[in-house]
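Working notes, structure below.
Bear in mind these aren't lab numbers, they're just calculated from the coordinates by the rules spelled out. Quantities reported herein were computed from a predicted structural model and do not represent experimental measurements. Ideal geometry is used to build each Cβ from the backbone, glycine not excepted, and the neighbour counts take in all protein chains shown.
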Amino acid sequence: MEKEFRFFLNKDFSKYAGSWIAICEERIVSSNKSINKAIKTAKEKCGGKKFLFAKIPKGNQALIL
Amino acid sequence: MKNLKIDFYFKSHRPKHVPIPIANAKFKHQNNESLIPCLIDSGADFCTVPIEIGKFMLNIDFENKLAPYEIRREWQDIDKSDSKKFNGLVEKIIENQYAIPNSIECACGKGSSGYYCPVQIEIGVFKKQVLVFWINSNVIPLIGRIGVFDQMKKVVFDTKKQKGQFYL
């Protein structure tokens, strides 16, 4: 399992509810409700390194998909 | 041949909330790739990902990949319950890397537009070109049945152990 995914599974990101987060080398490098803005910042901060990109659901929502 | 097993895990996004099954999925298009945790959704027909991820992380040019009119028409008209015909058309779309504009309605009743367009999905040892629906909506990325679940011998959700397995 990649370390970014392990970090994602094990940490509580509830303060980012409703946002997208980018994780690079076990730290959050970007968070934004806008996908495009979150990606842009992550690319700038990661400098070509791979990053994990995830949506943190809002806490008061049930998933009905 | 022994079954190949791919583990997935459950995660609660907040304390006291229902844990959801998450796959560690890698999406690849040409030289671009992105690592995106996806909700494993057995109720979703297609893997579904926000279109902005396709555009800005994978650099997919959907307009340039637009399928010819006859293919788009065939997609609209085909009997999707005829798996042989339908899978044949999906293979044709994948082979030609076409994008098919479409709209869908989710289980919650909301409608949205987007494109069907193939990319490579990797989940552990599973690696395959899959027709993904790139949706104009800020949704959690989903791993659905067509192209992923239908390639597996078995999928196990073990909620007590908070993990699951795909068996290839």
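Odds and ends about this structure:
- Taking B:Gln151, B:Gln97, B:Gln30 as the candidate residues, the one with maximal mean-square fluctuation in a Gaussian network model of chain B, Cα springs under 10 Å, is B:Gln30.
- Links that overshoot a 18 Å alpha carbon limit, given the list A:Lys40/B:Lys65; B:Lys5/B:Lys154; A:Lys11/B:Lys154; B:Lys26/B:Lys55; A:Lys11/B:Lys16: A:Lys40/B:Lys65; A:Lys11/B:Lys154
- Helical mean residue ellipticity (222 nm; -39500 (n - 2.57) per DSSP H run of 4+; nearest 500) of chain B: -5000 deg cm²/dmol
- Candidates B:Val155, B:Gln97, B:Gly124 compared by Cα position along the dipole of the stretch B:85-156: farthest toward the positive end lies B:Val155, with charges placed on Cβ.
- Between helix A:35-46 and chain A: long-axis angle, C-alpha atoms, 0 to 90°, nearest 10: 30 degrees
- Percent of Cα pairs exceeding the 16 Å cut-off, where the set is the stretch B:80-129: 58 percent
- Rounded to whole numbers, the Karplus 3J(HN,Hα) couplings from phi for the stretch B:140-154 are 5, x, 10, 9, x, 7, 5, x, 10, 4, 6, 8, 9, 6, 7 Hz, using 6.51 cos²θ - 1.76 cosθ + 1.60 with θ = phi - 60°, and x at Gly and Pro.
- Dipole moment magnitude, nearest 20 debye, chain B about Cα centre, only Lys, Arg, Asp, Glu C-beta charged: 880 debye
- Taken about its Cα centre, chain A carries a charge dipole of about 200 debye when Lys and Arg each add +1 at the Cβ and Asp and Glu each add -1 at the Cβ.
- Likely footprinting exposure, B:Lys26, A:Lys58, fewest C-beta neighbours within 10 Å first: A:Lys58, B:Lys26
- Summing +1 for each Lys or Arg and -1 for each Asp or Glu among the other residues whose beta-carbon sits under 11 angstrom from that of A:Ile35 gives +4.
- Relative to the longest principal axis of the Cα atoms of chain B, the long axis of helix B:83-96 makes an angle of roughly 80 degrees.
- Neighbourhood net charge (11 Å Cβ-Cβ; Lys/Arg +1, Asp/Glu -1) for B:Phe56: +3
- The spread of Cα positions in the protein assembly as shown, taken along each principal axis and listed from longest to shortest, comes to 48, 41, 37 Å.
- Scaling the Cα radius of gyration of chain B by the globular reference 2.2 N^0.38 Å produces a ratio of 1.04.
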